[in-house]
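Single-structure report; data block below.
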Amino acid sequence: MKILKASLFYLPFIWLFLACEYIPGKTNLSAAKEKIQINEDILPVSLEDGTESATDEIDVENDEKGISEPKLINEDLFFYRDSLGRKTWRKKIVDSLRKEYDKLPKYIYFTFDDGPLPGSRIVDSIARFKNIKISAFLVGRHAAMSKKLMNYYQDYKDNPLVECYNHSYSHALNKFKQFYKQPETAYEDFVKNHEDLALDYKITRLPGRNTWAFEDVRIIDVPNSAATADLLFENDFKTFGWDWEWKIDQETGIADQSVEELFQKIKNLMDSKDSLYPNNVVLLTHDNMFVTERGKRQLEKLIDRIQAETDYQFEHMSNYPIRY
Ligand SMILES: [Zn+2]
């Protein structure tokens, strides 16, 4: 279909604009809308024609009666705005975009937090053995605790499949509320980690918070982390959260979701386009959850399941989000 092919680059912006209700927290959606407006001359005619106006409020229920299906004219798909209700129009466009996204490559980001810890050795060897890219959000304080842990960190650094990012030096000593009350001190903690571990990327994940701050995205899950995220952003750090978390008990190796349940969840996020960016799913888990044989086996099984049954590509967070 020519109409959507023409604007592949703009798909994420259009998606953000149309599906904005599902994004939690505060995002800079006006920026995304601006981008659409600036580039509207290249948008498909059917999208331009469908632009909402204040005087265009239509009773959807009544309007449903007069809907005409989109028509194919000279291989272009035309939506007749005049006869479509606002919500129906939006749904049809979103459905069309979803179909277009389904044809494109999909990216899965395996992110491991809190290393180096004893489980990091397992994660490092699985990345090599399965030949998948993984992202490690690291805590400098752990590396400084022992020679063994420092060696695990070095193994990560030496592994071309692993990219090392910043999860703060102290991990807030697990007192998150206190930590984020002092944003300057918290920011300095990230800077220390960046320097001590000699990290190559200015990419962070806040301890204890699913907060995003990069480009025109700003999503704050707990308000007290906002000032720290903003300080990092102002100093060119990107802060990434996650779309889904997988938890495994590090003593027993028992997971909160079986491999099959987790696989279906990931697939569902990809198919429904309900991740923050469509076709990009960020999975959070923790190094030490794979320290038991049982935990390790589940991680291997999950990777096998993804590699055997999907065309997903494993990616590093430095490439997030891939917008084609
Ligand atoms: Zn953590």
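Against the test of being under 19 Å from the mean Cα position of the chain (by Cα), aromatic (Phe, Trp, Tyr) and within 22 Å of His286 (Cα to Cα), the options Tyr180, Tyr156, Tyr165 yield a single qualifying residue, Tyr165. Filtering region 263-299 to residues that are away from the ligand (no atom under 16 Å from the Cβ), in contact with a helix residue (DSSP H, G or I) (Cβ under 8 Å, 6 or more places away or on another chain), under 14 Å from Arg121 (Cα atoms) and not aliphatic (A, V, I, L, M) leaves Gly295, Lys296. Look through region 107-127, keep the residues that are within 16 Å of the ligand (Cβ to nearest atom) and polar (S, T, N, Q), and return whichever of them is surrounded by the most Cβ atoms within 10 Å (Cβ to Cβ). Among those that are within 16 Å of the ligand (Cβ to nearest atom) and polar (S, T, N, Q), it is Ser120.
None of Gln264, Gln257 is touching a Phe, Trp or Tyr at 6+ places or on another chain (Cβ under 8 Å) and surrounded by fewer than 19 Cβ atoms within 10 Å (Cβ to Cβ) except Gln257. Here Phe233 meets the list (1) closer than 16 Å to Asn166 by Cβ; (2) part of a loop (DSSP other than H, G, I, E, B) almost entirely, failing just condition (2).
When the residues of region 128-142 are filtered to those that are part of a loop (DSSP other than H, G, I, E, B) and surrounded by 14 or more Cβ atoms within 10 Å (Cβ to Cβ), which remaining residue is nearest to the ligand (Cβ to nearest atom)? Residue satisfying both the conditions and the ranking: Val139.
Across region 279-324, what is the total count of residues that are of a type in the set (Gly, Ala, Ser) and surrounded by fewer than 20 Cβ atoms within 10 Å (Cβ to Cβ)?
Result for region 279-324: 2.
Number of residues in region 143-182 that are within 16 Å of the ligand (Cβ to nearest atom), assigned to a helix (DSSP H, G or I) and basic (Lys, Arg): the value is 1.
Here is a yes/no grid of residues against (1) assigned to a helix (DSSP H, G or I); (2) not assigned by TED's automatic domain parsing to the domain that holds Trp244:
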site: Gln257; (1), (2): no, no
site: Lys265; (1), (2): yes, no
site: Leu269; (1), (2): yes, no
site: Leu284; (1), (2): no, no
site: Arg297; (1), (2): yes, no
site: Glu300; (1), (2): yes, no
site: Gln307; (1), (2): yes, no
site: Tyr324; (1), (2): no, yes
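Residues in region 203-227 that are surrounded by fewer than 23 Cβ atoms within 10 Å (Cβ to Cβ) and assigned to a helix (DSSP H, G or I) were compared, and the one that is nearest to the ligand (Cβ to nearest atom) is Asn224.
Exactly one of (1) touching a Gly at 6+ places or on another chain (Cβ under 6 Å); (2) crowded, with 16+ Cβ neighbours inside 10 Å; (3) without any contact (Cβ under 8 Å) to a residue 60 or more places away in the chain is unmet by Asp230. Its number? Unmet for Asp230, out of (1) touching a Gly at 6+ places or on another chain (Cβ under 6 Å); (2) crowded, with 16+ Cβ neighbours inside 10 Å; (3) without any contact (Cβ under 8 Å) to a residue 60 or more places away in the chain: (1). Of the residues making up region 309-322, those that are at pLDDT below 95 and part of a loop (DSSP other than H, G, I, E, B) are Thr310, Asp311.
The values are calculated or read from the model by the stated rules, or taken from the named source; none is laboratory data. All values derive from a computational prediction rather than experimental measurement. With ideal geometry, Cβ positions are generated from the backbone for all residues, glycine too; neighbour counts draw on all protein chains shown.
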